[in-house]
Amino acid sequence: MEINGKLEAKFETKEFSSGFRKREFVVNTGGEYPQAIKMEVVKDNIEKLDAIPVGTDITCKIDIRGRLYEGNYYNNILAWAINVGAATKSEPKEAAKADTDLPF
């Protein structure tokens, strides 16, 4: 799954006693109904996020994670790849050709 938008905010890296590190950030999707979506990165992706300035258009490939903890359910959106620049939607050329090949 992908989310495209503008990098709106980056928060401080959190380091836990186990050595695990994560950094949260927000992507604003823009458009008619903009959404500010908070996500997180871990491991090597923290350094990749550090290099991207706030206000840059990015595309994030994500996984949605969920878990049960002490009777409550929690969700996380983990960005496992971040690319600078918004993805463009392209129409499949094969489907367009198939429509013009009809005999009637």
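The values are calculated or read from the model by the stated rules, or taken from the named source; none is laboratory data. The structure presented is a predicted model; accordingly, all values stated were derived computationally and were not measured. Glycine also receives a Cβ, built like all others from the backbone with ideal geometry; neighbour counts cover every protein chain displayed. For the accessible areas, the whole protein counts, side chains as well, though only heavy atoms, and no ligand, DNA or RNA atoms are used. Shrake-Rupley method; radii C 1.70, N 1.55, O 1.52, S 1.80 Å.
Only one entry in F16, F25 is exposed (fewer than 15 other Cβ atoms within 10 Å of the Cβ), among the aromatic types (F, W, Y) and more than 16 Å from G85 (Cα to Cα), namely F16. Taking the condition hydrophobic (A, V, I, L, M, F, W, C), within 21 Å of R21 (Cβ to Cβ) and surrounded by 17 or more Cβ atoms within 10 Å (Cβ to Cβ), does I82 pass? Judged against the criteria, I82 is a match.
Scoring A51 on the criteria (1) closer than 14 Å to V84 by Cα; (2) open to solvent by 100 Å² or more (accessible area, probe 1.4 Å); (3) of a type outside the set (V, I, T) leaves a single failure, condition (2).
Just checking, which of E24, E47 is among the acidic types (D, E) and modelled with pLDDT of 95 or more? Talk me through it step by step, then tell me what you get.
Working: E47 fails: modelled with pLDDT of 95 or more.
One residue alone meets the criteria, E24.
Out of the residues in the range 89-101 meeting the condition of being in a loop (DSSP other than H, G, I, E, B) and either touching a helix residue (DSSP H, G or I) at 6+ places or on another chain (Cβ under 9 Å) or modelled with pLDDT under 60 (or both), tell me which one is nearest to K38 (Cα to Cα).
K89
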